[in-house]
Structures are given as structure tokens and as C-alpha cells.
Amino acid sequence: MLARLVVILALCLVTPAAARADEKRVQLYAPRVLVDSGLLKYILPRFSLKHGVRVTLVEDQTAADMVLGEAGKALFQGLGRVWRMQIRSRGHKGTERLAAWLQSEVGQRAINSFAPGGTALFGPAEEDAPQEVALTLDGDAKLGLKVSRSKCSRCHRVDDRRGIFGIGSTPSFAVLRSLADWQERFSSFYTRNPHPSFTIIEDITPPFPENRPPPLVPLEMTVEELEAVLAYVAGIPPATLR
């Protein structure tokens with residue numbers, strides 16, 4: 001019994017230290033063409049020096065905390081393709097720090113400054129365009145009214161209920177409904193300014209970068225809710241414009 005207690009005590013003392021050490025190590029996988037370019041050898045020591053996290057390149061993707069390749073968040077482009085980041089170890093602090101650094105202004109500047117022979121090989125990736133989603137008019141109109149009141153009325157007047165006015169300079173739903181392309185406008189509103197700066201459509205739009213939070217409280221909506229809003233708007237009378 002005494003020997004067992006000693007073993008348990010030893011594990012309690014060693015495990016936190018081991019966990020802390022593990023957070024200081026990140027295993028990264030990248031295709032050979034990217035490794036051979038010299039980019040990672042150029043930028044990773046800069047990250048490690050700043051954050052005290054050691055990054056080790058591994059040849060097995062299944063053993064990696066992070067993978068650079070074709071899937072995930074676009075980071076940079078070069079060598080004829082866009083390079084993306086996929087995090088495999090969620091909640092791992094070292095990996096999260098590396099991900100944040102790669103997307104930060106400092107990390108992007110390090111990537112862009114890699115110029116062997118005086119020629120830059122990599123540059124910023126174009127922003128991922130939000131996916132267009134095909135919507136139908138079979139949504140729940142009652143839910144659409146509820147969603148419109150709770151999520152859209154801070155800017156738009158969504159119905160005739162007293163006290164719901166939105167912003168005076170913003171067109172009401174009835175005015176928007178009177179436009180010939182109203183269905184297209186509502187089904188893709190999240191791609192139209194100013195909505196992209198504060199709108200998240202679940203499984204459609206990418207999340208906001210940690211270093212560039214939205215200027216307003218985010219408007220978060222599911223595809224089901226978006227379909228419901230479209231069904232609600234389809235049933236309201238259009239405003240008469242003179």
C-alpha cells in the first residue's frame with residue numbers, strides 16, 4: 001500500500017511538469033516541397049525565439065499537431081498554390097500560439113520577407129470567399145419573424161410592430177422586399193457590406209481572426225434561420241415606392 005501511494009504521489013508531481021513541457025513543443029507536418037523551399041527553416045526559429053515554443057517537423061501527418069497543406073485556413077501562397085493550416089490538436093497552447101503567430105502581422109511579414117536570391121517566393125493568400133448557399137422558400141416564416149426581430153432589428157425595421165424602428169438611414173425589410181432582386185439580396189446578405197465585418201453564418205463563413213475581432217457584437221445565424229428569414233420576407237407586403 002505504501003509503495004502504491006508513493007507511485008501515485010510521484011505521478012502527481014511529474015504530470016504537471018510534463019504537461020507544461022508538452023505545451024512548449026509543437027509537431028508540424030508540411031509537404032517536402034515546402035520544407036525544401038527553406039521557408040520553415042527561416043520563419044520557425046523566429047517564432048520559437050519569441051514564444052519559447054519548439055517546433056519539430058514530422059513526416060507522419062497523424063502524429064502532427066498542425067498540418068500545412070491543402071485543407072484549412074488559408075495562410076499564404078507561393079510555389080504555385082495556396083498553403084493552408086489545419087490544427088489537429090485543439091486546445092494545445094503551443095499549437096494555438098503558432099497558429100495565431102502565422103496569421104498575425106508579424107508572422108505574415110516574416111513569411112513575405114523570405115526571399116532567397118533576392119526574390120520573394122511567398123505572398124499573402126487571397127481572403128477565402130464566403131460560400132454562396134442556395135436557399136429555398138420552404139423555411140419557417142414564424143421563426144423568420146422571430147429571428148428578424150432578435151437579430152436584424154438593431155439596423156432594419158423588420159415589421160410594423162410599434163417600437164421596432166432600426167436605424168433611420170437603413171432600408172426596412174418592406175423596402176428591400178420591393179426590389180426586383182430582393183431574394184438574392186437576402187439570401188446573400190452576409191456577403192454584402194457592411195455585413196461581412198460582423199456576420200457569421202454557421203458552416204458558411206469563416207470565423208473572425210483572433211487578431212481582427214469584429215467592430216460590433218457579431219450577428220450569428222444558422223442556415224436554417226437564414227432560410228426562415230427568407231420565408232418571412234417572402235410573405236410581407238412590399239413597400240410602395242414613389
**Item:** C-alpha center-to-center spacing [segment 22-48, segment 174-242] in angstrom
**Value:** 40 Å
**Asked** Of all the C-alpha pairs in segment 21-124, what % are more than 22 Å from each other?
**Response** 21 percent
**Request:** Please list, in chain and number order, the residues 5+ apart from His156 or on another chain whose amide H is under 5 Å from its amide H, with Hs placed from the backbone.
**Result:** Ile167
**Request:** Just tell me which lysines come within less than 22 Å, Cα to Cα, of Lys73; anything on the same chain fewer than 8 places away is out.
**Result:** Lys41, Lys93
**Complete:** Here the tail fraction of P(r) beyond 16 Å, over all Cα-Cα pairs of segment 141-234, rounds in percent to 55 percent
**Prompt:** Between Glu202 and Val35, what FRET efficiency comes out of the Förster formula 1/(1 + (r/R0)^6) with R0 = 30 Å and r the beta carbon distance, rounded to 0.05?
**Reply:** 0.25
**Prompt:** Once the piece of chain linking Glu70 and Ala115 is laid out straight, how much longer is it, given 0.36 nm per residue of separation minus the C-alpha distance between them?
**Reply:** 13.9 nm
**Prompt:** What is the set of long-range amide H partners of Thr199 at a cut-off below 5 Å, with H atoms built 1.01 Å from backbone N?
**Reply:** Leu219
**Item:** Partner lysines for Lys151 [C-alpha distance under 19 Å; skip if fewer than 8 residues away on the same chain]
**Value:** Lys142
**Message:** Could you work out how much longer the chain between Asp159 and Lys93 gets when fully extended? Use 0.36 nm per residue separation minus the Cα distance between them, nm to one decimal.
**Reply:** 19.1 nm
**Asked** Rounded to the nearest 0.05, what FRET efficiency is calculated for Arg149 and Glu126 with R0 set to 45 Å and r the Cβ-Cβ distance?
**Response** 0.80
**Prompt:** Given H placed 1.01 Å from N in the peptide plane, which residues other than close sequence neighbours of Trp83 have an amide H under 5 Å from its amide H?
**Reply:** Leu75, Phe76, Gln77, Gly78
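Computed from the coordinates by the stated procedures, all read-outs in this text should not be read as laboratory data. What you see is a predicted model; the values in this text were computed from it and never measured. Here the Cβ is made from the backbone with ideal geometry for all residues, glycine too, and neighbour counts use every protein chain on show.
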